[in-house]
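The values are calculated or read from the model by the stated rules, or taken from the named source; none is laboratory data. Being a predicted model, the structure only gives us computed values, none of them experimental. As a convention, Cβ positions derive from the backbone with ideal geometry for all residues, glycine included, and neighbour counts pool all protein chains shown.
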Amino acid sequence: MDNESLRPAPQPFLEKATDPIEASYILLGAPLDCTASYRRVSRFVPAAIRRKSAYLEAYSLWKRLDWDDLNLSDLGDLPCDDVERAR
């Protein structure tokens with residue numbers, strides 16, 4: 001899959017804008033609703049997680065790790081419009 005078929009994230013996870021080639025970790029969202037039984041809202045979850053990631057503490061005293069040291073690249077969301085529902 002090439003980067004042109006991905007939907008860019010308006011707000012990257014942890015506000016990371018690392019080049020994917022240099023990243024140690026790649027994040028992809030899957031806004032998929034076809035597995036929902038009652039309420040079809042799971043397609044909004046990847047964007048909500050990205051928005052809330054801005055409020056995470058950067059440093060963990062317990063783990064002694066800093067999110068800012070994480071070499072992560074958020075490539076956006078996979079196109080899930082044509083995924084068929086399981087029968």
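One table, with the values for the structure above:
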item: Enumeration of residues in segment 10-41 that are small (Gly, Ala, Ser) and more than 13 Å from the chain's Cα centre (by Cα); result: Ala23, Ser24, Ala36, Ser37
item: Residue satisfying all of: in segment 21-32; surrounded by 12 or more Cβ atoms within 10 Å (Cβ to Cβ) and assigned to a loop (DSSP other than H, G, I, E, B); modelled with the highest pLDDT among these; result: Ala23
item: Of all residues making up segment 33-67, the number that are at pLDDT 85 or above, part of a helix (DSSP H, G or I) and not aromatic (Phe, Trp, Tyr); result: 9
